[in-house]
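Accompanying notes for the structure given below.
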Amino acid sequence: MVIKSERGEAERRLVAALRSTFDASVMNFGAYNLLYAENAPAAGLRSVEGPELSAMEAVGAARHLLVGYRREPVEMVLCPVDLDEALPRMEPGTSADAAPRVPVPVNLTNLAGMATEGTTVRIVLSAGTELNLDIRETVEFSGLPGLPLHQKRDVEDFYDFLDHFMNSVEHPLRP
């Protein structure tokens with residue numbers, strides 16, 4: 001099914017700039033639907049910068065995440081995005097390549113818990129990493145005043161996906 005995009009040119013460039021980070025970071029990137037989320041890192045986590053962080057720690061400490069999700073196989077991929085690196089790529093004529101980040105998959109093997117409340121999706125992984133994702137239909141970036149990212153349809157689809165994901169957890173395939 002093809003959904004007609006109602007995004008203007010500037011917003012399409014913004015989406016492309018964010019998407020290029022995900023595409024540079026995730027194998028089979030085209031198999032995922034994508035949305036932006038702001039993470040409220042747990043207190044005491046180190047900064048996302050630095051080579052000493054594991055991929056799991058970097059995702060847990062990241063403020064800005066791209067959330068890829070797909071129904072078959074059922075999984076999410078959490079990919080940190082550095083807005084200072086990504087947003088300049090949306091300018092016309094910019095040819096800089098996206099800097100790849102190390103993403104973390106979330107699937108039936110490593111999910112310890114998930115809950116939603118309002119616009120927050122709380123994800124707990126079996127390794128102990130906790131994420132509190134603020135999922136908004138409209139996102140405003142401080143570096144781009146007057147250019148909101150509209151993701152209402154994406155958010156609706158993501159919540160449908162979460163229902164599917166949790167059904168897969170609660171009712172695995174039966175013989």
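The values are calculated or read from the model by the stated rules, or taken from the named source; none is laboratory data. On a predicted model such as this, the values are computed, not experimentally measured, just so you know. Here the Cβ is made from the backbone with ideal geometry for all residues, glycine too, and neighbour counts use every protein chain on show. Each accessible area value is taken on the protein alone, full model and side chains, heavy atoms only, with ligands, DNA and RNA left out. Shrake-Rupley method; radii C 1.70, N 1.55, O 1.52, S 1.80 Å.
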Exercise. Quick one: what are the phi-derived ³J(HN,Hα) couplings along segment 90-107, Karplus 6.51/-1.76/1.60 with θ = phi - 60°, whole Hz, x for glycine and proline?
Key: 7, 5, x, x, 7, 10, 5, 7, 6, 7, x, 10, 8, x, 10, x, 10, 8
Quiz prompt | Nearest 10 degrees, 0 to 90: helix 9-25 Cα axis against the chain principal axis | solution = 50
Practice problem: For segment 56-72, take each phi angle, set θ = phi - 60°, evaluate the Karplus expression 6.51 cos²θ - 1.76 cosθ + 1.60, and give the result in whole Hz per residue in order, putting x for glycine and proline. | Solution: 5, 5, 5, 5, x, 8, 5, 7, 10, 10, 9, 10, x, 8, 8, 8, 9
Practice problem: With Cα extents along the principal axes in Å defined as stated, name the option among (i) 48, 42, 33; (ii) 54, 43, 31; (iii) 38, 35, 34 computed from the structure displayed. | Solution: (ii)
Quiz item: Quick one: Karplus J couplings for segment 149-161, per residue in order, coefficients 6.51, -1.76, 1.60, θ = phi - 60°, nearest Hz, x for Gly and Pro?
Solution: 9, 8, 9, 4, 5, 5, 5, 4, 5, 5, 5, 5, 4
Practice problem: Place the peptides 53-66, 22-35 in order of packing, highest mean first, counting for every residue the other Cβ atoms within 10 Å and averaging per peptide. | Solution: 53-66, 22-35
Exercise. For residue 63 paired with residue 112, estimate the spin-label separation in nm (one decimal), with each label point 7 Å from Cα along the Cα-to-Cβ line.
Key: 2.6
Quiz prompt | Amide hydrogen neighbours beyond the local backbone of residue 106, cut-off 5 Å, H modeled | solution = 76, 77, 78
Quiz item: Amide H of residue 39: which non-local residues (sequence gap of 5 or more, or other chain) have their own amide H closer than 5 Å, using H built in the peptide plane?
Solution: 64, 65, 134
Practice problem: Go ahead and run the numbers for FRET between residue 127 and residue 9, Cβ-Cβ distance against an R0 of 41 Å, rounding to 0.05. | Solution: 0.50
Self-check item: Modelled FRET efficiency - R0 22 Å, residue 119 with residue 153, Cβ distances, 0.05 increments
Solution: 0.90
Quiz item: Which percent of the accessible heavy-atom area of the chain goes to carbon and sulfur, probe 1.4 angstrom?
Solution: 53
